[in-house]
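Taking it in order: structure first as structure tokens, then the write-up.
The values are calculated or read from the model by the stated rules, or taken from the named source; none is laboratory data. Note that the coordinates shown come from a computational prediction; the quantities given were computed from them, not determined experimentally. Methodologically, a virtual Cβ is constructed for each residue, glycine included, from the backbone with ideal geometry; neighbour enumeration extends over all protein chains shown.
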Ligand SMILES: Nc1nc2c(ncn2[C@@H]2O[C@H](COP(=O)(O)OP(=O)(O)OP(=O)(O)O)[C@@H](O)[C@H]2O)c(=O)[nH]1
Ligand SMILES: [Mg+2]
């Protein structure tokens, strides 16, 4: 039998030798001092209302934080910004990876700033919490817009759930509007549930498409077409122009088969080349026409009210769910109840009733 080791760790030090402090006292003091320099709620609000992008970025960082104190501060800032928000047009842009969303937003955003608009670009990208690759890609694809004084680009907030990411983006919209941005563009990858979340926070929803060979409607989810206020067939350049025009005709015909939207807006199909900057102004003209017609018929305001109601109820659902699944008493017995339900020892309804009772016990 081998003899027992005299110490268990390679880091073991001889007894009696005093150990140096593992933390540097002067560093602690300077960190604490700097921490106190964090701007107050009022300072950040004043900065935002004075159109200071640094204050805006800092406030968004608070919105995105997981720290409860930060979130309290963020809530206070949002409340104070709310009366100054709402005066923008919010545009959602979706499309499969590679369709040209970033290139399009760069061209579109530059066009808008040349018209004197202030453009904020946000993203809802649930995959970015796993790989942050798209953030870098977007910033480099939007090289000109990044440098533009009148543009603000914020990469996607990361989060463990789409609901979480969407909440942060919604709150960020309010901050951007209070900071004077009159055009808010929200980009999302057209896969999964994220386009539904984006649709519920924008006024105008734009789907970017590519002209492919054959049946244009193949491989595109019906739900997305129903949500779209416009379809832009991108990359209509070079050899692709003809195919893009054919795709346009086909989409137009297909869109007529859908029932009329509550907005009374007939979705449009246009072709564009983000790379060659063709068709970009047409898209803006179209969005302007949409805004005018829906403001006139009352849909614009009404839709925003509905969206606010939706987000209130959505947030309550999320919180309740979170409270339930993180409750210690529930966590202790949930597995047992699931087992019992699987084996028909208790009905799912009765089990649910018992488990929910634990929340208030
Ligand atoms: N020919 C042509 N190429 C384009 C056009 N727009 C974008 N591209 C190219 O298509 C590729 C993808 O463009 P992106 O703007 O990165 O596409 P994306 O939709 O943002 O892609 P993800 O961020 O991966 O979802 C790039 O190589 C672009 O240069 C266009 O109008 N015409
Ligand atoms: Mg992109």
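To keep it simple, each residue is scored yes or no on (1) under 23 Å from residue 196 (Cα atoms); (2) out of contact with any strand residue (DSSP E or B) (no Cβ under 9 Å at 6 or more places or on another chain); (3) exposed (fewer than 15 other Cβ atoms within 10 Å of the Cβ).
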| site | (1), (2), (3) |
| --- | --- |
| 297 | no, yes, yes |
| 306 | yes, yes, yes |
| 309 | yes, yes, yes |
| 326 | no, yes, yes |
| 337 | no, yes, no |
| 345 | no, yes, yes |
Candidate set: the range 98-124, residues that are within 11 Å of ligand 1 (Cβ to nearest atom) and within 16 Å of the chain's Cα centre (by Cα); chosen: the one nearest to residue 183 (Cα to Cα)
105
If we keep just the residues of the range 174-196 that are modelled with pLDDT under 95 and not in a loop (DSSP other than H, G, I, E, B), which is farthest from ligand 1 (Cβ to nearest atom)?
196
Considering each residue of the range 248-274, count those that are at pLDDT 90 or above and buried (at least 16 other Cβ atoms within 10 Å of the Cβ), and give that number.
11
Restricting the range 151-173 to residues that are in a loop (DSSP other than H, G, I, E, B) and surrounded by fewer than 22 Cβ atoms within 10 Å (Cβ to Cβ), the one modelled with the highest pLDDT turns out to be 154
